[in-house]
Amino acid sequence: MKKVLITGSGGLVGSEACFFFRDKKFKIIGIENNTRKKFFGKAGDISKNYNALKKEIKNFRNYNVDIRDKNKLEKVFQREKKKLDLIIHCAAQPSHDYSYDNPVEDFNVNANGTLNLLYLTKKYCKNAVFIFMSTNKVYGDRVNFLKFKKKGMRFIPKSNSIKKGVSELMSIDNSMHSVFGASKVAADVLVQEFGKYYGLKTTVLRGGCLTGYRHAGVPLHGFLSHLVKSCVNNKKYNVIGYSGLQVRDNLHANDLAAMFWHIYLKPNRGAVYNVGGGKFSNCSVLEAIKYAELYSKKKMKLKFIKKPRKGDHKWWITDMTKFKKDYPNWKQQYTSKMIIAEMVKKYSK
Ligand SMILES: NC(=O)c1ccc[n+]([C@@H]2O[C@H](COP(=O)([O-])OP(=O)(O)OC[C@H]3O[C@@H](n4cnc5c(N)ncnc54)[C@H](O)[C@@H]3O)[C@@H](O)[C@H]2O)c1
């Protein structure tokens, strides 16, 4: 039986990956200690996902270990190293705003935690495929240097040069990243180096908005989940900056898990891809509100805040050309409308 180690196994991406690889008949080893609840309070609690994993996956074993704790992590690798075929690293401090007040904690989790995992992979299972969830925030706010205009309920770029979306060719230098963006750059480059320099089978995926109903969405992270929950539960939702015209591309975590599968089948060394909903799945905040209201048959209570978040993207659509070229058998299933409809259904129960 093949074996996959998934960090952040109770989070959005981690839990979806656990279920996906269960269906591929893998044994699942999780690393999860509910740090998300510590970061974001009760609404960030991932216990629901964790309990579902325990209940629904026979071959699931979770270690309540912090990825910052190298000694405890090493014990996990010593115990599990035999036939560890795949490592999917999703555990992170995922929010810009949280990193503003907690820079050391952010860097320790995102950069040092990733280095611990890479080091132990090299030491104990150097043939395993290693996939790291990076972020489009490694490009900082550079996309905002482009010019946009309003069209309907969203921004669109003025220039045709970015028609296909943002590719891996965008520079990561000379823009504002936030501490979160910077700690992810550090981890991102480390993962590349363990591929290029040490020869491990590493891949970096720079995500746009990753989403799905399993997200414990909070105001500081997981915008679509937080927005739909606010709608369904009649709670006020703050539209922060840009009058809600900012555009996000939304990739369902299940579509992302299918990417992991294709990378596992055809790994690379130090590869980097931008991954997101792309042209297939994107919406502005105003459009997301429109669809949440339509599917839930509720009117949202909105508060418009003029000042945008520091460095917040005005527009992001991922150019998926590189990933699709290398993995032509990957098929995207979920549009943003489908994702919102699914969330409304799940959160209304
Ligand atoms: N969700 C997005 O929109 C998005 C976008 C781009 C990139 N990403 C990246 O994808 C990855 C997964 O994101 P997600 O949305 O599933 O996040 P998530 O917060 O839902 O899941 C991460 C999980 O990691 C756990 N965790 C955090 N710190 C830990 C630690 N020190 N030790 C052990 N476990 C720890 C948390 O408890 C949480 O359950 C992250 O690396 C994130 O930066 C997410």
**OP:** Scan the stretch 256-284 for residues that are surrounded by 24 or more Cβ atoms within 10 Å (Cβ to Cβ), not in a strand (DSSP E or B) and not hydrophobic (A, V, I, L, M, F, W, C) and report the count.
**Re:** 3
Original post:
Does Lys70 fit the bill of being more than 22 Å from Leu256 (Cα to Cα), of a type in the set (Lys, Arg), more than 10 Å from the ligand (Cβ to nearest atom) and in contact (Cβ under 8 Å) with a residue 24 or more places away in the chain?
Top reply: yes
Original post:
Can you tell which of Ser134, Ser99 is closer than 25 Å to Leu251 by Cβ, under 22 Å from the mean Cα position of the chain (by Cα) and near the ligand (Cβ under 9 Å from one of its atoms)?
Top reply: Ser134
Original post:
Any residue in the stretch 213-220 that is of a type in the set (Phe, Trp, Tyr) and crowded, with 20+ Cβ neighbours inside 10 Å?
Top reply: yes
Original post:
If Gly44 passes every condition in (1) modelled with pLDDT under 95; (2) crowded, with 16+ Cβ neighbours inside 10 Å but one, which one does it miss?
Top reply: (1)
Original post:
(1) closer than 25 Å to Asn274 by Cα; (2) among the polar types (S, T, N, Q); (3) near the ligand (Cβ under 9 Å from one of its atoms); (4) out of contact with any helix residue (DSSP H, G or I) (no Cβ under 8 Å at 6 or more places or on another chain): which one isn't true of Asn127, the others all being true?
Top reply: (3)
**OP:** Name the residue, out of Phe26, Phe20, Phe77, that is touching a residue at least 12 places away in the same chain (Cβ under 8 Å) and within 17 Å of the chain's Cα centre (by Cα).
**Re:** Phe20
**OP:** Would you point out the residue of the stretch 187-211, among those that are assigned to a loop (DSSP other than H, G, I, E, B) and more than 9 Å from the ligand (Cβ to nearest atom), that is nearest to Asp255 (Cα to Cα)?
**Re:** Leu200
Original post:
For residues in the stretch 1-56 being more than 18 Å from Asn110 (Cα to Cα), aromatic (Phe, Trp, Tyr) and in a helix (DSSP H, G or I), which is nearest to the ligand (Cβ to nearest atom)?
Top reply: Tyr50
Original post:
Is it the case that the stretch 258-273 has a residue that's farther than 25 Å from Val129 by Cα and within 16 Å of the ligand (Cβ to nearest atom)?
Top reply: no
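The values are calculated or read from the model by the stated rules, or taken from the named source; none is laboratory data. Because the structure is predicted, anything quoted here is derived from the model rather than measured. Neighbour counts are summed over all protein chains in view; Cβ atoms, including those assigned to glycine, are modelled from backbone coordinates with ideal geometry.
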